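Each value in this text was obtained by applying a stated rule to the coordinates, not by laboratory testing. None of the values given here were measured: they were computed from a predicted structure. Here the Cβ positions follow ideal geometry from the backbone for every residue, glycine too, while neighbour counts run over all protein chains shown.
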Amino acid sequence: MLPSTNIGIIYCETLDAEIRSVARCFREITYLKSMPWGLHIEPDGLLEEVREQIVEAQDQVDAIVLGYGRCQAMDRLGEDFKVPVLRPEAEDCIDVLLGQERYEEELRQAPGTWFLSPGWTRMGTEFVFRELQVNRIARKDVEPLQLARRMLDGFTRALYIDMDLGADEDELYGRAGKIADDLGLCLARTTGSLNLLEGAVLKALATKELH
């Protein structure tokens, strides 16, 4: 009987629902670690945090998948770990859900697009403030929402990515509408895919088999 393979996933909490959906499809996924959202705003800090979590997990699993895109940091992760570490071939979490070709096509259709994944949508307009670092540069006489609208001048639509993972999709779409209204954007909807996340897990399994 072949020894079992244990895969760990370290991921951004904005992808929590997607990661848990993938985990239900692979009995080999035995370790999940959610990381706080927004770490990508400080890429060096993100890199340090992820490295620490890999070191903590590497004695418990045979391979690790990162639920992150490149996020301006992951290409500097290095390979000095005890187990293989893989991630989806994507620039960021939106790219993870859409794939590069779809991502670029949506931007060609509407260059001023603000993407809303289910995870970002759950967090509401506050995530937009943090992503734009509004609180760092806001003046006392300017409301954060007013400043965010100014910074998004030229954006025309918010695009919600429907992952069809549960009964709350309609509720999330409603929340996406609230964010779009707050930012003065029209709302559109598209569908995403778990293919890149599942592909990274399959690659991790194949890598383990080669060792």
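For the chain, what is the charge dipole size about the Cα centre, in debye to the nearest 20, if Lys and Arg each add +1 at the Cβ and Asp and Glu each add -1 at the Cβ? Don't skip to the end; give the middle numbers.
On the way: 24 positive and 38 negative charges, 52 e Å.
Its charge dipole is roughly 260 debye.
Taking amide H positions as modeled 1.01 Å from N, with prolines and chain starts lacking one, the residues under 5 Å from VAL65 and 5 or more places away or on another chain are GLY8, ILE9, ILE10, LEU86. For ILE29, the residues whose amide H sits under 5 Å from its own are ILE7, ignoring neighbours fewer than 5 places away on the same chain, with H placed 1.01 Å from N. Computed extension length for GLU42-THR207: 56.4 nm, one decimal, from 0.36 nm per residue of separation with the Cα-Cα distance subtracted. Between GLY99, GLY124, GLY166, the residue with the greatest mean-square fluctuation in the GNM of the chain (Cα pairs under 10 Å linked by springs) is GLY166.
On the beta carbon distance between GLN100 and ASP182, with R0 = 22 Å, the FRET formula returns roughly 0.15. Residues in segment 188-197 carry Karplus couplings, in order, of 10, 9, 9, 10, x, 8, 8, 4, 5, 5 Hz; the curve used is 6.51 cos²θ - 1.76 cosθ + 1.60 with θ = phi - 60°, and Gly or Pro positions show x. Available extension along the chain between GLU91 and ARG20 is 23.5 nm, counting 0.36 nm per residue and deducting the alpha carbon span. Each peptide in 145-158, 58-71 receives the mean, over its residues, of other Cβ atoms within 10 Å, and ordering these scores from highest gives 58-71, 145-158. Inter-label distance, ASP164 to ALA110: 2.1 nm, where each label sits 7 Å from its Cα along the C-beta direction. In terms of its alpha-carbon gyration tensor, the chain comes out prolate; a/c meets the 1.5 threshold, and the first ratio a/b outweighs b/c.
The helix-based estimate of mean residue ellipticity at 222 nm for the chain, built from -39,500 (n - 2.57) per DSSP H run of four or more residues and divided by its residue count, is -13000 deg cm²/dmol to the nearest 500. Dividing the convex hull volume of the alpha-carbon atoms in segment 62-106 by its residue count gives 64 Å³ per residue. A cut-off under 13 angstrom between Cβ atoms defines the neighbours of LYS33, and their net charge, with Lys, Arg +1 and Asp, Glu -1, is -3.
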